[in-house]
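Peer 1: Pasting a structure below so you can have a look.
Each value in this text was obtained by applying a stated rule to the coordinates, not by laboratory testing. Keep in mind that this is a model prediction, so the values were computed, not measured. Cβ coordinates were reconstructed from backbone atoms using ideal geometry, including for glycine residues, and neighbour counts include every protein chain displayed.
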Amino acid sequence: MRLSTLGTNIVMAGLTFSASAPALSASCTTIESFWANGHACSGTMADATVRFQPSASITFGFDGGYLGSGDFYSSVIPNGADVNGNAAAFGGAASRASVSASSIRGSGIANVEASLDTGTLRLYGSITTTDERFPVNHGFSARTSMVDIVTFAIPKSIIDPKITISMVINGSIVGSGPSGSGSVHSTLQATSPNDRIIYPGSNAFQVSNGSGDFSRTLVTTFEPTAFATDVGDSWMLQVKVRAEFFAFGNPNYVFDFSNTARLGIDLTEGITYTSDSGLLLTAVPEPSSAVLLLAGLGVLVSRVVRRRN
């Protein structure tokens with residue numbers, strides 16, 4: 001099939017085509033390169049921030065680490081009417097970042113994790129304060145994502161082959177406050193390695209200023225041979241899988257998505273796959289053990305910073 005390259009977005013048979021997009025690069029070893037390349041490399045990212053209005057004493061605690069090649073950093077950033085404590089990590093296999101804060105105005109925590117071998121993204125955030133006069137000065141933000149290239153082998157003997165990529169989301173937002181809860185957003189994208197082909201599906205979940213329990217499955221299903229390469233007895237198709245979780249929370253709300261989101265790949269019998277990282281969905285531990293995945297492996301960083309104004 002010959003694809004037109006006119007325009008930046010072309011829709012054909014339910015698929016979206018982009019005329020120009022970056023190809024996947026294996027050069028990312030730091031979170032800066034991950035951001036600079038627009039997430040165009042296999043790996044995981046975790047970024048957490050807690051924000052408080054300055055007081056006589058604010059204590060920030062930082063924790064995090066990564067598996068595989070990567071890096072971790074933390075910082076305290078004065079920002080006019082508030083002070084931000086930030087931790088961020090990039091890991092070729094897994095990453096985790098956590099920030100806690102306490103002051104006379106209250107306390108807060110933001111924690112995010114990503115792991116390719118379990119296919120999981122985890123997010124937790126909470127801000128507690130009695131000072132609701134300036135809610136914009138108290139809050140958290142948290143973001144985590146994972147990206148990998150998956151190569152599928154589809155035997156030509158299979159009639160009507162299908163590939164389904166999904167992510168199951170379960171979590172809750174509880175609390176009350178004058179400014180509403182905030183927002184949580186999750187996406188699942190399946191594209192060609194250069195992003196020119198975007199496979200369709202129900203691939204976004206979002207809650208704005210809501211509360212309660214949430215359960216959602218993001219799904220993209222497609223017939224793989226239309227854009228595959230003929231390799232003899234089989235077709236070969238490369239798909240970039242990108243999953244992301246983002247939230248920002250307001251005072252006196254708890255966002256608990258710590259046992260979600262979980263990636264899954266369902267194939268017509270006979271189809272096989274490998275991943276660029278060599279890790280994607282190679283292990284699926286119980287949720288309780290997955291939370292501890294980084295506890296004894298890779299590079300871990302933990303420190304406390306007390307800021308006085």
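Peer 1: What does the highest-first list of 167-175, 246-254 look like by mean Cβ count within 10 Å?
Peer 2: Numbers: 167-175: 18.7, 246-254: 22.4.
Going by the mean number of other Cβ atoms within 10 Å, highest first, we get 246-254, 167-175.
Peer 1: Sort 159-166, 117-124 by packing, meaning the average of other beta carbons within 10 Å per residue, with the highest value first.
Peer 2: The densest-packed peptide leads the list: 117-124, 159-166.
Peer 1: Take peptides 138-148, 202-212 and line them up by average Cβ neighbours within 10 Å, highest first, as a rough protection proxy. Walk me through the numbers before you get to the answer.
Peer 2: Details: 138-148: 25.7, 202-212: 14.4.
Order by mean packing, descending: 138-148, 202-212.
Peer 1: Grab the other residues whose beta carbon is less than 13 angstrom from that of V147, score K and R as +1, D and E as -1, and report the net.
Peer 2: Working: positive: K240, R242; negative: D148, D195, E244, D276.
It works out to a net charge of -2.
Peer 1: I've got another one for you. Once the Cα gyration tensor of segment 112-223 is diagonalised, what are the square roots of 5 times its eigenvalues, in whole Å and ordered largest first, as equivalent ellipsoid semi-axes? Don't skip to the end; give the middle numbers.
Peer 2: Working: eigenvalues 277, 38, 29 Å².
Each semi-axis is √(5λ); the values are 37, 14, 12 Å.
Peer 1: Net charge near K162, counting Lys/Arg +1 and Asp/Glu -1 over other residues with Cβ under 12 Å of its Cβ? Please report the intermediate quantities before stating the final value.
Peer 2: Values: positive: none; negative: D160, E223, D266, E269.
Spelling it out: positives minus negatives among the neighbours equals -4.
Peer 1: Here is a further query. Would you give the gap between the C-alpha center of segment 71-92 and the C-alpha center of segment 234-268, rounded to a whole Å?
Peer 2: Segment 71-92 and segment 234-268 have Cα centres spaced 23 Å from each other.
Peer 1: Let me ask you something else. Please compute the Kirkwood hydrodynamic radius of segment 27-308 from all pairs of different C-alpha atoms, in Å with one decimal.
Peer 2: Numbers: mean 1/r = 0.0511 Å⁻¹.
About 19.6 Å, per the Kirkwood formula over Cα pairs.
Peer 1: Still on this model: Can you list the residues, at least 5 places off or on another chain, whose amide H is less than 5 Å from the amide H of Y253, using H built in the peptide plane?
Peer 2: I127
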